[in-house]
Amino acid sequence: MRLIGMLDSPYVRRVAICLEFLGIPFEHEAVSVFGTFEKFQSINPIVKAPTLVCEDGEVLMESSLILQFIEATKTSGKSLWPSNPVERQHDFRALGLALAACEKSVQLIYERNLRPEELHYEPWLTRVTGQLLAAFKALEHEVQERQAVFTVAHSHATIGAAIAWQFTQSMLDTVVLASEHPGLAELSARLEKSPEFQKYLPIGPGI
């Protein structure tokens, strides 16, 4: 299998690190949706990262669907989700918050960096910023309230939360303040030292 995309994308990095934790072999190809658009287009005409090219050549997209496919077909039952239904529900919520934070970060970065300043729409920026801050506030609460889980577990929730925090801090640290999110800052710092995170550092041209 081939994972296509740059590791400074939180979605690409999430898939790579989760595959590593699951023990699934794959090849990573650092192809950018911006700098090498035509090359990406030749692999996946939709040019969406992450893209997973399966053994038979079929192309899959969306990080959650890619990982759901992997756990359903490649891991012999091994999963990064807890088996307990209540704990799984909590992890679904935490990962949903992390993915929402990534989405709002990307929207804010695109608006700031890709659209000419004279075309910035301030009501939209204010709205997205509010959603971003709300997502991280709720995610920080999850980390603080479920310290036992976030301290020891390597799960979709903990991996997703750490990756979302690193990504946003790398681009929007003056918007989402580390001083207001000590649990997330500690979680990210700890997981970033792990071999799985170190193997797939967030290297790329930036959004």
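The values are calculated or read from the model by the stated rules, or taken from the named source; none is laboratory data. Every value quoted in this text rests on a predicted model; they were computed, and no experiment measured them. As a convention, Cβ positions derive from the backbone with ideal geometry for all residues, glycine included, and neighbour counts pool all protein chains shown.
Condition first: loosely packed, with under 13 Cβ neighbours inside 10 Å and either under 21 Å from Gly204 (Cα atoms) or of a type outside the set (A, V, I, L, M) (or both). Now tell me which residues in the range 49-85 satisfy that. Talk me through it step by step, then tell me what you get.
Initial filter on the range 49-85 (loosely packed, with under 13 Cβ neighbours inside 10 Å): 55-58, 65, 72-73, 76-78, 83-85.
Passing the criteria: Glu55, Asp56, Gly57, Glu58, Thr73, Ser76, Gly77, Lys78, Ser83, Asn84, Pro85.
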- Specify the residue that is nearest to Glu186 (Cα to Cα); the eligible residues are those in the range 127-168 that are buried (at least 23 other Cβ atoms within 10 Å of the Cβ) and of a type in the set (Gly, Ala, Ser). Ala162
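The rows are residues; the columns are (1) assigned by TED's automatic domain parsing to the domain that holds Phe26; (2) part of a helix (DSSP H, G or I); (3) over 21 Å from Ile4 (Cα atoms); (4) small (Gly, Ala, Ser).
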{"site": "Ile70", "(1), (2), (3), (4)": "yes, yes, no, no"}
{"site": "Gln89", "(1), (2), (3), (4)": "no, yes, yes, no"}
{"site": "Gly96", "(1), (2), (3), (4)": "no, yes, yes, yes"}
{"site": "Ala100", "(1), (2), (3), (4)": "no, yes, yes, yes"}
{"site": "Glu118", "(1), (2), (3), (4)": "no, yes, yes, no"}
{"site": "Pro123", "(1), (2), (3), (4)": "no, yes, yes, no"}
{"site": "Val128", "(1), (2), (3), (4)": "no, yes, yes, no"}
{"site": "Glu140", "(1), (2), (3), (4)": "no, yes, yes, no"}
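Yes or no, residue by residue, for (1) closer than 19 Å to Leu187 by Cβ; (2) in contact with a strand residue (DSSP E or B) (Cβ under 6 Å, 6 or more places away or on another chain); (3) at pLDDT below 95:
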position	(1), (2), (3)
Pro10	yes, no, no
Leu22	no, no, no
Phe26	no, yes, no
Val86	no, no, no
Gly96	yes, no, no
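What about Leu3, is it outside any strand (DSSP E or B) and surrounded by 19 or more Cβ atoms within 10 Å (Cβ to Cβ)?
Taking the combined requirement at face value, the residue does not satisfy it.
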- Task: Looking only at the range 37-48, decide whether some residue is surrounded by 15 or more Cβ atoms within 10 Å (Cβ to Cβ) and either under 27 Å from Phe136 (Cα atoms) or among the basic types (Lys, Arg) (or both).
- Result: yes
- Item | Tally of residues being touching a helix residue (DSSP H, G or I) at 6+ places or on another chain (Cβ under 6 Å), touching a residue at least 40 places away in the same chain (Cβ under 8 Å) and either surrounded by 21 or more Cβ atoms within 10 Å (Cβ to Cβ) or not charged (D, E, K, R) (or both) across the range 173-201 | 7
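Got a number for residues in the range 167-192 being over 16 Å from the mean Cα position of the chain (by Cα), farther than 22 Å from Glu145 by Cα and among the polar types (S, T, N, Q)?
The first filter runs over the range 167-192 and keeps only residues over 16 Å from the mean Cα position of the chain (by Cα), leaving 173-183, 186, 190.
The next check asks that each one be farther than 22 Å from Glu145 by Cα; those that pass are 173-175.
Right, trim to among the polar types (S, T, N, Q) and you get 174.
Of the residues in that region, 1 qualify.
Which residue, of Ala153, Ala134, Ala98, is touching a Phe, Trp or Tyr at 6+ places or on another chain (Cβ under 9 Å) and among the hydrophobic types (A, V, I, L, M, F, W, C)?
Values: Ala153 fails: touching a Phe, Trp or Tyr at 6+ places or on another chain (Cβ under 9 Å); Ala134 fails: touching a Phe, Trp or Tyr at 6+ places or on another chain (Cβ under 9 Å).
So the residue among Ala153, Ala134, Ala98 that is touching a Phe, Trp or Tyr at 6+ places or on another chain (Cβ under 9 Å) and among the hydrophobic types (A, V, I, L, M, F, W, C) is Ala98.
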- Query: What number of residues within the range 27-68 are within 19 Å of the chain's Cα centre (by Cα), assigned to a loop (DSSP other than H, G, I, E, B) and among the hydrophobic types (A, V, I, L, M, F, W, C)?
  - Reply: 6
- With respect to Phe167, is the statement that it is closer than 21 Å to Pro195 by Cα, hydrophobic (A, V, I, L, M, F, W, C), assigned to a helix (DSSP H, G or I) and in contact with a Gly (Cβ under 8 Å, 6 or more places away or on another chain) true? no
